[in-house]
Amino acid sequence: MIPVTKPFLPPKAEYDAYLHGIWERNWLTNNGPLVNELELKLKENLGIDQMLYVGNGTIALQIAIKALGLKGEIITTPFSYVATTSSIVWEGCTPVFVDILPDRLTIDPAMIEAAINPKTTAILATHIYGIPCEVARIQEIADKYGLKVIYDGAHAFGVKVNGKSIFEYGDISTCSFHATKLFHTIEGGAVFTKDPELLKRMSYLRNFGHDGPEKFNGVGVNGKNSEFHAAMGLSILPEMEEIKKKRKDQFQHYKKLLGGLKITYPETSNIENYNYSYFPILFSSEDQLLKSIKILQENGIGSRRYFYPGLNLLDYTSGCCPVSDDTSSRVLCLPIYHTLSKEEQIMIARLLLRVQNNPNL
Ligand SMILES: Cc1ncc(COP(=O)(O)O)c(C=O)c1O
């Protein structure tokens, strides 16, 4: 079986060494030394000043929305994972969907202004597959209308824009460190902001509002993460360059192998430190996509319709986004992970070509 993704596991001895320390200290959670060490090392690795490690990428989004005190309508992308939208609704706000750019698949800045009304308080956009949103144009619009900006950077670990970490953009950026992500801590996530006040507010929100053992600063939640999760991150972080290199090779190898296939790709050229976190392809039709999924499945190969259905089409949302609807009906992510072999990639490519060359399949 070839899965669509496989979590990276570090050399076991590395993790064991961290476990040894946990047993010695008997400190398992509540902002322990490994959580602090992970935050420090991530800041160093990403070249950023401020971040908080949290329980997952979804609670990161919810904390971001809460910290900014957002109410009313939030302009967002229909082409993302459901957590982008569900977090907005969970926090009592209304998602207003703006269509995506057909090449980069990120929110279309030219369409944002038309969606702004007196109830709009923010823009929440996703750097989908690690492809940066048009951050300068989005900030211009936000400044013009006094809106806050949150970026869902769940896929964007390590990516840069204009020489800076992508997580430096917007009022708050978030990331997911879920096991399926490029860098992971089994479950985990982060919030990033350059504003020290916002950081402080988010640190209260992450820990039930605690401001000392008997004092509370507002309503909080349990957004913390454990020493065991931090240990996994600390064991994986030194491997990141090797992981990215492998994925880049696989990405390029796929592109060569799939040269004869009538597909297109999201635009990923000119991205600084692009991270190759996914390998999405766009078929010419949904019919081709469904036939391809079937043949892959019959041969024990996983693939995922990341991201389908469009988030404007959920039973608790609405919105007209033809570019996103069309994209999500035709997009498929192929397997990409550190141990995927060249032979396995060849097999996947052959199967996809077989579908194209046999209209009767
Ligand atoms: C774009 C996007 N946002 C948010 C999330 C939620 O992250 P988590 O699974 O860590 O809660 C995910 C992934 O799962 C995602 O792909």
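Numbers at a glance
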{"read-out": "Length-normalised contact order for the chain - Cα pairs under 8 Å, 6+ apart - percent", "value": "23"}
{"read-out": "Across LYS164/LYS194; LYS256/LYS342; LYS6/LYS246; LYS294/LYS342; LYS43/LYS160; LYS160/LYS244, pairs whose alpha-carbon gap is larger than 20 Å", "value": "LYS294/LYS342"}
{"read-out": "Segment 153-209: GluC sites (Glu not before Pro) falling in loop per DSSP and having at most 12 other Cβ within 10 Å", "value": "none"}
{"read-out": "Förster radius 45 Å - calculated FRET efficiency between ARG25 and LEU313, Cβ distance, rounded to 0.05", "value": "0.40"}
{"read-out": "Accessible carbon and sulfur surface of the chain relative to its total accessible area, %, 1.4 Å", "value": "53"}
{"read-out": "Most to least accessible of LYS148, LYS12, LYS244, LYS291 (protein chains only, probe 1.4 Å)", "value": "LYS12, LYS148, LYS291, LYS244"}
{"read-out": "Length released on extending from ASN358 to LYS194, taking residue separation times 0.36 nm less the Cα-Cα span", "value": "53.6 nm"}
{"read-out": "Listed residues TYR169, TYR316, TYR254, most fluctuating in the chain (Gaussian network, C-alpha, under 10 Å)", "value": "TYR316"}
{"read-out": "Probe 1.4 Å, protein heavy atoms only - accessible area per residue of the chain in square angstrom", "value": "44"}
{"read-out": "Euclidean distance between Cα centres, segment 288-361 to segment 23-58, Å", "value": "35"}
{"read-out": "Per-residue ³J(HN,Hα) for segment 171-184, Karplus 6.51 cos²θ - 1.76 cosθ + 1.60, θ = phi - 60°, Hz, x for Gly and Pro", "value": "5, 9, 10, 10, 9, 10, 10, 5, 3, 8, 8, 4, 9, 9"}
{"read-out": "Most fluctuating residue given options CYS133, CYS321, CYS175, as computed from a GNM of the chain linking Cα atoms under 10 Å", "value": "CYS321"}
{"read-out": "Top of ILE293, ILE346, ILE88 by mean-square fluctuation, Gaussian network on the chain, Cα under 10 Å", "value": "ILE346"}
{"read-out": "Candidate residues MET347, MET202: accessible-area rank, largest first, probe 1.4 Å", "value": "MET347, MET202"}
{"read-out": "The chain, helix-only ellipticity at 222 nm - DSSP H runs n ≥ 4, -39,500 (n - 2.57), divided by all residues, nearest 500", "value": "-12000 deg cm²/dmol"}
{"read-out": "At most 12 other Cβ within 10 Å, DSSP loop - GluC sites (Glu not before Pro), segment 261-312", "value": "none"}
{"read-out": "List ASP315, ASP152, ASP143, ASP326, ordered by accessible area with a 1.4 Å probe, largest first", "value": "ASP315, ASP143, ASP326, ASP152"}
{"read-out": "Segment LYS119-VAL82, length gained on full extension (0.36 nm per residue, minus Cα span)", "value": "11.0 nm"}
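The values are calculated or read from the model by the stated rules, or taken from the named source; none is laboratory data. Keep in mind it's a predicted model, so treat the numbers as computed, not measured. Backbone-built Cβ (ideal geometry, glycine too); neighbour counts: all protein chains shown. What goes into the accessible areas is simple: the full protein's heavy atoms, side chains included, and nothing from ligands, DNA or RNA. Shrake-Rupley method; radii C 1.70, N 1.55, O 1.52, S 1.80 Å.
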